[in-house]
Amino acid sequence: MIGYVKSFITSLVEIKFIKILVNWSGYLSAVCMVSLVIVTIFDVMMRYIFKNGSIGLQEFEWHLFSAVFLLGAAYTMKCDQHVRLDLVYQSHRFNESHRNRINIFGTLCFSIPFCVVIIIYSVPFALESFIHSETSPDPGGLSSRWIVKSIIPCAFILILLQSLNDLIRRIRYED
């Protein structure tokens with residue numbers, strides 16, 4: 001019975017849709033990075049060559065910067081390039097099975113609970129910004145601040161899905 005439940009959960013969580021979604025978030029993060037470079041170069045040229053800066057353009061830069069890191073986090077996890085405590089993880093005393101158990105422990109005790117907490121608190125944060133049509137307090141700033149705030153729960157939902165995907169894969173490895 002437990003084997004059937006485990007197989008069912010595996011097929012539900014580790015689906016190609018999650019992989020496709022995470023790949024698209026990585027692609028979107030890369031597009032935002034290229035856009036950030038272009039916008040920053042344009043902003044610097046406008047400020048220092050033409051002596052004409054824009055607060056809205058500077059805010060757009062930090063919106064893009066936020067999107068790069070938030071949307072790229074799940075893709076980084078998928079590619080297994082995220083930050084770890086290498087002193088412990090890369091130790092010669094641990095074999096692959098020990099590393100796998102450390103990953104399972106880290107996912108269950110840190111990654112999943114952290115994502116859930118961030119999602120719980122960031123959804124009302126973004127929703128309130130949307131309901132009140134929050135704009136920049138700076139003159140000439142961007143309107144629709146809810147867009148950048150809504151990236152937070154979206155990104156952590158992607159990280160949660162990728163964490164669950166990794167967890168299932170690592171549990172399967174332990175069998």
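The values are calculated or read from the model by the stated rules, or taken from the named source; none is laboratory data. What you see is a predicted model, and the numbers here were worked out from it, not measured in a lab. So basically every Cβ, Gly included, is an ideal-geometry build from the backbone, and we count neighbours across all protein chains shown.
How many residues are of a type in the set (Val, Ile, Thr) and within 22 Å of residue 80 (Cα to Cα) when one looks only at the range 103-136?
Filtering the range 103-136 for residues of a type in the set (Val, Ile, Thr) gives 104, 107, 112, 116-120, 123, 131, 135.
Restricting the remaining residues to those that are within 22 Å of residue 80 (Cα to Cα) gives 104, 107, 112, 116, 118.
Qualifying residue count for the region: 5.
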Out of 82, 92, I need the residue that is part of a loop (DSSP other than H, G, I, E, B), closer than 30 Å to residue 171 by Cα and touching a helix residue (DSSP H, G or I) at 6+ places or on another chain (Cβ under 8 Å). Which one?
82
Which listed residue is among the charged types (D, E, K, R), closer than 24 Å to residue 23 by Cα and exposed (fewer than 12 other Cβ atoms within 10 Å of the Cβ), from 80, 138:
80
Residue 130 passes all but one of (1) surrounded by fewer than 17 Cβ atoms within 10 Å (Cβ to Cβ); (2) farther than 23 Å from residue 58 by Cα; (3) in contact with a helix residue (DSSP H, G or I) (Cβ under 6 Å, 6 or more places away or on another chain); which number fails?
(2)
Cβ-Cβ distance below 6 Å, separation of 6 or more or different chains: which pairs start in the range 14-38 with a residue that is within 13 Å of residue 76 (Cα to Cα) and end on one that is among the charged types (D, E, K, R) and surrounded by 17 or more Cβ atoms within 10 Å (Cβ to Cβ)?
22/78
Any residue in the range 108-119 that is modelled with pLDDT under 90 and loosely packed, with under 14 Cβ neighbours inside 10 Å?
no
